[in-house]
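Report on one structure; see the data block that follows.
Read-outs: derived from the displayed coordinates by stated rules, not from any lab. Note that the structure is predicted; figures quoted are calculated from it, not measured. FYI the Cβ positions are ideal-geometry reconstructions off the backbone, even for glycines, and counts take in every protein chain you see.
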Amino acid sequence: MNRIILPALLLGGLLVAAPGASSSARAPDKPSYPMVCRGGGSISSTLTVNRVTDTAQFEFKKGSRSAESGLAPGECSWLDRGMRDGEPDVLIQYPDRPPKKIDAGWIKELQVPGGYWMFSVFNDGNRLVVTDSKPYKRMPDDSSRPAPVPRAEADRADITRTETVRVPSGVKPGTTSGATRPGAAAAVGGNAEVAPAADFPMFVAANSGKIVFLADMNGGGWNDYVRERALSLSVDDSGILYYADTTQFLTRENRLGGPPQRIDMRVPIIDFKFDSAGGIVAVSSQENCVVRMNDIGGGGFIRFGSKGSGDGHFNVPQGVALDSKNRIYIADTGNHRILRMDDINGSGWAAFGSYGGGAGHFNSPWRIWVDKRDRIYVVDMYNARIVRLDDMDGSGWVTYGGFVSPRFVTTDKFNRIYVADPEADQVIRIDDMTGKGKKILQFRRDTSSAEALNKPGSLAGPAAIYVLRPAQGADRIR
């Protein structure tokens, strides 16, 4: 057990450190991740407050499941997965991070089993260091997931409601901009109550040249994760982030904090996905082909396709996706169609669509995605809409529009739909293709200088989204 003991006196139910006690030197900041804690248990019995150094810490029981699956009293767990062996079971709050007063809400809230709090933390090797702190929506006391809303109620709820979350000018993530009118949307990075547990962390890549990590659709837990431009993102089964621009190198983050690894894909790539065997499938708009390799070592490299409009040909393809059978889908942008192949050799070739704006037509399909039910989503960029199909014969055709210039679409495990609209500086989430439950995450674009554009809270042109799933975040370094 990684335990830190401070000289302390028992006072009012809390351990209060005696004058002269000191805490360990604070480690440099690293990327932070969202964790939820439930009060009571070992948390209330080990909570130590040092009034001299203004630090507070506690020990907790490590949850084996994600926080959204429920917590027992005294447990903490990651928002997207359970905790692993080797991760610390001690959390510490320093005075120069929110909330700056250590007797803020969580000190009291976590004294009782009914109290919940969400922390953004990083691992300094011995403890989890708090970088942000917010109230968390209470979950059922039986440690089970919330009961589903009855169908009749769910169908009536929020059918026409649109919620916009904005980044106010001059507000640094993790702070508030002052009093908020009742019902006003929370600012990105603000200290409003976080979204329900059904929200998932995500990475958002921006044309301005960085990838940010967000804990939820309120913009909570904002972290400028990578200062590089990316047009495509993915995470492998071990939770490692990969990203691509338009070069021939796929970039893999370095879990140890060193320079990232550059993987030579042999052709310039614009989009990529991992198949169920761990292989990398990527599309090249410059070379008009799709490639696959077995792993990051480059073994088993296969290239398929050339420029043209017939079978086995592409014209500036921009997107690639995979279904549950590892079949490959391509957004064949210049040919205004989508394609499907059974494998990288082009067998089972199927094409659908032609130029236009009506049913069965596309105008520059830009990205493509397949959800867990194998339904196909297409970003129909110049028709300013997304399209969903049940199959490659066009069955189940349905559209949702009103975007400025959409560039990316994905779904979460509940099949809610996320769209990146870079010219509007927005990420939009809808519950389904009717637009129900629409929520807009509005980013602030500060183009006064390169420095301003890259400062926290500023993000210009969200171009790609990756919504984290519990299994994909299982071994992420924290």
(request) Multiply the residue gap between THR247 and HIS361 by 0.36 nm, knock off their C-alpha separation, and tell me the result in nm, one decimal place. (result) 38.0 nm
(request) Per residue of the range 213-226, in order, report the coupling 6.51 cos²θ - 1.76 cosθ + 1.60 (Karplus, θ = phi - 60°) as ³J(HN,Hα) in whole Hz, putting x for Gly and Pro. (result) 9, 10, 7, 6, 6, 8, x, x, x, 3, 8, 6, 6, 9
(message) Taking θ = phi - 60°, what integer Hz values does the Karplus form 6.51 cos²θ - 1.76 cosθ + 1.60 yield along the range 312-319, in sequence order, with x for Gly and Pro?
(response) x, 10, 10, 9, 6, x, 10, x
(message) Within the range 347-375, name every residue whose backbone N is under 18 Å away from a label modeled 7 Å from Cα of VAL398 along the Cβ vector.
(response) 359-361, 369-375
(request) Apply 1/(1 + (r/R0)^6) to the Cβ-Cβ distance of PHE274 and ARG84, taking R0 = 25 Å, and write down the FRET efficiency to the nearest 0.05. (result) 0.75
(message) Just to be sure I understand the model, the point goes 7 Å from the Cα along the line to the Cβ. What's the resulting ASP343 to ASN326 distance in nm?
(response) 0.8 nm
(request) Beyond 29 Å between alpha-carbons counts as too far, so tell me which of LYS134/LYS273; LYS62/LYS438; LYS372/LYS436; LYS61/LYS372; LYS210/LYS438; LYS210/LYS325 fall in that bin. (result) LYS134/LYS273; LYS62/LYS438; LYS61/LYS372; LYS210/LYS325
